[in-house]
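Asker: I'd like to ask you about the structure that follows.
Bear in mind that the values in this text are calculations on the coordinates, not laboratory data. Quantities reported herein were computed from a predicted structural model and do not represent experimental measurements. Cβ placement follows ideal geometry from the backbone for every residue including glycine, while neighbour counts extend to all protein chains displayed.
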Amino acid sequence: HYDVQIVNQLPTSLTMHCVQSDEEDYGMSSLPREEIFRRKFCMNFWGTTKMNCHFWWGSKQMFFNVFTKTLADDICVDLNNEDESKLCMWHVREDGFYYCTTSYNNLFICELS
């Protein structure tokens with residue numbers, strides 16, 4: 001199982017539109033400051049599950065894959081919980097998109113992607 005989270009750390013709301021594997025369209029949404037967009041799902045048999053999102057804030061915009069098999073292997077964190085889920089966390093800040101990995105005592109270190 002994977003738990004994809006996108007945290008809005010912009011000073012304003014973040015408009016976003018996410019689609020999972022061209023099958024599940026989550027529609028357009030507005031994510032208020034400090035709120036979290038969250039989706040849980042499983043990787044398909046072929047390992048081709050992906051999620052891409054288009055983001056808008058102010059005059060800026062960005063489109064990219066927030067989840068792929070490669071990203072899951074590289075940046076998703078094993079939570080060591082009973083359902084064996086992995087956390088794939090992104091923080092959206094004024095200077096870019098950060099992926100976050102765990103460090104000590106469930107504190108997260110975030111790096112600019």
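Asker: Taking R0 as 22 Å, what FRET efficiency do you get between LYS69 and GLU23 from their Cβ-Cβ distance, rounded to the nearest 0.05?
Answerer: In this case the efficiency is close to 0.85.
Asker: Additional query: With θ set to phi - 60°, apply the Karplus curve 6.51 cos²θ - 1.76 cosθ + 1.60 along region 16-28 and write out the HN-Hα couplings as whole Hz, x wherever there is a Gly or Pro.
Answerer: Karplus values, whole Hz, x for Gly and Pro: 8, 9, 10, 9, 9, 6, 6, 10, 10, 9, 7, x, 7.
Asker: Explain nothing, just the number: dipole magnitude of the chain about its Cα centre with +1 on each Lys and Arg Cβ and -1 on each Asp and Glu Cβ, in debye rounded to the nearest 20.
Answerer: Rounded to the nearest 20 debye, it is 280 debye.
Asker: Give, as a single signed number, the net charge of other residues whose beta carbon lies under 12 Å from the beta carbon of GLN20, with Lys and Arg counted +1 and Asp and Glu -1.
Answerer: -1
Asker: Tell me what the chain gives for mean residue ellipticity at 222 nm when only DSSP H runs of n ≥ 4 count, each as -39,500 (n - 2.57), the sum divided by the residue total, rounded to 500 deg cm²/dmol.
Answerer: Helix-only estimate at 222 nm: -1500 deg cm²/dmol.
Asker: To continue, here is another question. Under a GNM of the chain (C-alpha, springs under 10 Å), which listed residue has the highest mean-square fluctuation: THR15, THR48, THR101?
Answerer: Result: THR48 has the largest fluctuation of those listed.
Asker: Of LEU10, ASN65, TRP46, which is farthest towards the positive pole of the chain's charge dipole, taken about the Cα centre with +1 and -1 on the beta-carbons of Lys, Arg and Asp, Glu respectively?
Answerer: After comparing all options, I get LEU10.
Asker: Do any cysteines in the chain lack another Cys Cβ under 4.7 Å, and if so which?
Answerer: Lone cysteines by the Cβ rule: CYS42.
Asker: Picking from ASP78, ASP95, ASP25, which is most flexible by a Gaussian network model of the chain using Cα springs under 10 Å?
Answerer: ASP95
Asker: For the chain, what is one quarter of the convex hull surface built on the Cα atoms, given in nm²?
Answerer: That works out to 7.2 nm², a quarter of the Cα hull's surface.
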